[in-house]
C-alpha cells in the first residue's frame, strides 16, 4: 500500500513556478531518496510534504488521507534537518522526548519510549548530556531519535549528512540504512549526493528544475538512465557523451571519428548522443573506435582514470592501475555495445 | 634529548619565556594605550568617588573640593535611612523598574520574534514604524504622554509612571536582531513536534537568546531606575516619587542638600551594582553580539 502519494504537486512563489506537477507514490516501508543539483526542488518537495510550505495545487496523501490543509504536527510525519535542529539548552533526553510533549501517553510510557529509542541508537549513556558535549555523529543520532520517538507514518530527512565529515557520513549512511532495515518505516530522504542516493535508496527520484527526471531503483537509474541529465548525474566520474549520427544497419558515425557498430536499429540520419561510462570505456578493446592522447592521469590504486583528448573534446576512461598509459601516449578506447547508452541529441531522451 | 627541546619556540613565546608574564610592556604604543585607558578609568570613577566622598561630609564642607572629608561622618546615611520617605521612593523605584523590565523583556521579545520569524503583509512597515520612534527624543513625547495620562486618569499613579516604558523600540530592535541568529530549523522542528507558535517562542526561541534577554533586562532596569524627567512630571504626591525624583527634593528653595542627595544616590546605586555584577558577562556578550549582528 502506498504510504505517501503526491499528485500533480505544484509550488509557486508569486508567479514563479518552482515545482511542476510532481506525482509519486511511496510504498509503505520504502526508502525513497530525492536527489538532484541545488535548486532542483527536492527540499521544497520535502517541505511541502512536511507542511512547512503551502501547496499551490495538487494533493499530498499520507497514510490514505489528504493532508494539504493539516498542520505539520497533524500529518503524522517526523523530520530530521540538515543542521540537526536539536535544542542546545536541553539534554539528550529532553531533546528526544521533545516530540512527545503533545502526546497524551502516560509519563512512564513516554519515558520507556525515550529509553528504547536511545538504546536503539546507542545513546543511552549520553541521555543526560547537552548537545554541546556530543560529537557530530551523536548529535545526528539525537535528531534521528527525536524523529523516531514519535513513531510517524513517514520519516523525512533533509540532507542530514551534509554537515558531517566524509568518514562520519559513510558511517551514518550505513547506520541509517541498518535502522531502516530494523524499523521498516517509510523514509523520504533528500540529498544532493548521488553516492548517498545509490547506496541507501530502494528507489531514487532524480529531479532537475522542478521536474522529476526519472524514478527507479539504483540499478535502473544507473543502467537505464532516462535521459542525458540522469546519465551524467548518476555515476562518478560522469558519463562520457559523444555525439554521432545514426547510419543504416545499426552503425553510428562518431564526431570523434570512426564508426561504431551498436548492432541495433536506429532511425537513420538522426543526430544522437552516445553515453559511455568511464568504467565501461577501456584501452585495448576489440572494437576500439575512439582515439586520442592521454592528457591527465588520476591514479586510484587498483585502476587509473585517464583523460583522453579526442577530436571532439575530452573523454574519461579507466585503465589498469599497475600499467596505465603515459601522459601524451595515444590510446584507442572501446566499449561493449551493451554498455553504450543512446540518447536523442535533440531531446536528450534515451533511445531504447 | 628531551622532547620539548626539539619543539621550535615562536619568537613571541620566546620573549614571554625570557621576560616572564609580569614584566611591564616596553613598547611605547602599549604604554600610551595603558595611559589612555587609565585616564578613561579615572574619568569614569571620579563622579562615583566624589559622590561617596560628598555623602561622608558635613553640610559646611560640601562645597570644598577636597576629596577626603576633613571630618568624615555617617550622619547623612543615618538621616536618609531614618527618613521614611526614602523607603517609599526606594520601593516605588523597585516596583516600577521590575515591572517595566519584565514587561519590556516579554513584549519586546515577542514583537521582535514576530517581526523576525513571521512573513506577513506590512511587516517591514511595522518594523520601520517601531524603529522611527527611536528617533523622537523623550522630551518631545512628554507632553503627549502627560495629556494622555490626564485623560485616562493616570496622573500620580504607578501605571502613569510605567506605561511609556512597558515596551521599547530599542528592545524590539535588539531582540529582532538576536532572533535572526536562531536558525529557522529550530522553529520548524518544534512546529512539526506539535508546539503552537506561543510555545515555540517561549520554549525554543527564548532560551536561545538568553544573553540578549539578560542584556535587555539590565538596560531597561537601569533606564527605569534612573529615569527622572517623566516620573517628575507625572507624579504629584511625595509618596509616589521615585528615588531620583525624591532625592532631588532634598533641601529647600534656598539651598540644595547635596550631601543628602549624594547619600541617597550612593545607596540607590547598590541595587544597580548588584544587578550589573550578576549579569555583567551577559551584558558584555549581548552588546558584542548585537554589534556584530546589527
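The table below lists the values:
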| read-out | value |
| --- | --- |
| Cα-Cα pairs of region B:27-73 separated by more than 17 Å (percent) | 47 |
| Residue B:229 versus residue B:79: modelled label distance in nm, points set 7 Å from Cα along the beta carbon direction | 3.1 |
| Three-way shape label, chain B, alpha-carbon gyration tensor, a/c 1.5 | oblate |
| Å³ per residue enclosed by the Cα convex hull of chain A | 166 |
| Long-range tail of P(r) for region A:1-134 (Cα pairs > 20 Å, %) | 57 |
| Per-pair calculated FRET efficiency, R0 = 41 Å: residue B:180 and residue B:30 via Cβ, rounded to 0.05 | 0.65 |
| Among B:66, B:92, B:76: highest mean-square fluctuation, GNM of chain B, C-alpha pairs under 10 Å | B:66 |
| C-alpha center-to-center spacing [region A:131-209, region A:222-251] in angstrom | 31 |
| Share, in percent, of DSSP beta bridges within the protein assembly as shown that are antiparallel, nearest 5 | 75 |
| When region B:38-149 is reduced to its Cα atoms, the Kirkwood hydrodynamic radius in Å | 19.3 |
| DSSP-defined beta bridges in chain A - what % are antiparallel, rounded to 5 | 75 |
| Interatomic Cα distance distribution for region A:79-204, bins of 5 angstrom, percent | 2, 11, 23, 24, 21, 12, 6, 2, 0 |
| Kirkwood Rh in Å, taken over region B:135-223 so that all alpha-carbon pairs contribute | 15.6 |
| Anisotropy class of the protein assembly as shown from Cα gyration tensor, a/c 1.5 cut | prolate |
| Pairwise centroid distance, computed over Cα atoms, of region A:40-83 with region B:191-246, Å | 39 |
| Net lengthening on full extension, residue A:327/residue A:120 (0.36 nm per residue, minus Cα-Cα) | 69.3 nm |
| Fraction in percent of alpha-carbon pairs per bin - 5 Å, region B:94-153 | 4, 14, 13, 18, 24, 16, 8, 2 |
| For B:149, A:255, order by how many other beta-carbon atoms lie within 10 Å, fewest first | A:255, B:149 |
| Most mobile of A:311, A:226, A:153 in a GNM of chain A (Cα contacts under 10 Å) | A:311 |
| Value of relative contact order over chain B, rounded to a whole percent, pairs C-alpha under 8 Å and six or more apart | 28 |
| Shape call, region B:47-110: gyration tensor on alpha carbons, a/c limit 1.5 | oblate |
| Fewest-first sequence of A:221, A:67, A:245 by Cβ atoms within 10 Å of each Cβ | A:245, A:67, A:221 |
| Pairs of Cα atoms farther than 16 Å apart, region A:202-288, % | 60 |
| MRE, 222 nm, helices only [DSSP H, n ≥ 4, -39500 (n - 2.57), over the protein assembly as shown, to nearest 500] | -13500 deg cm²/dmol |
| Residues residue B:273 and residue A:167, FRET efficiency given R0 of 51 Å [Cβ-Cβ distance, rounded to 0.05] | 0.45 |
| Region A:285-345 and region B:21-95: distance between their alpha carbon centers, rounded to Å | 84 |
| Of B:208, B:174, B:36, the one that fluctuates the most in a GNM where chain B has Cα springs shorter than 10 Å | B:36 |
| Region A:2-233 - percent relative contact order, Cα under 8 Å, separation 6 or more | 29 |
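Rule-based calculations on the coordinates, nothing more; no lab input. Nothing here was measured: the structure is a model prediction, and the numbers come from that model. Here the Cβ is made from the backbone with ideal geometry for all residues, glycine too, and neighbour counts use every protein chain on show.
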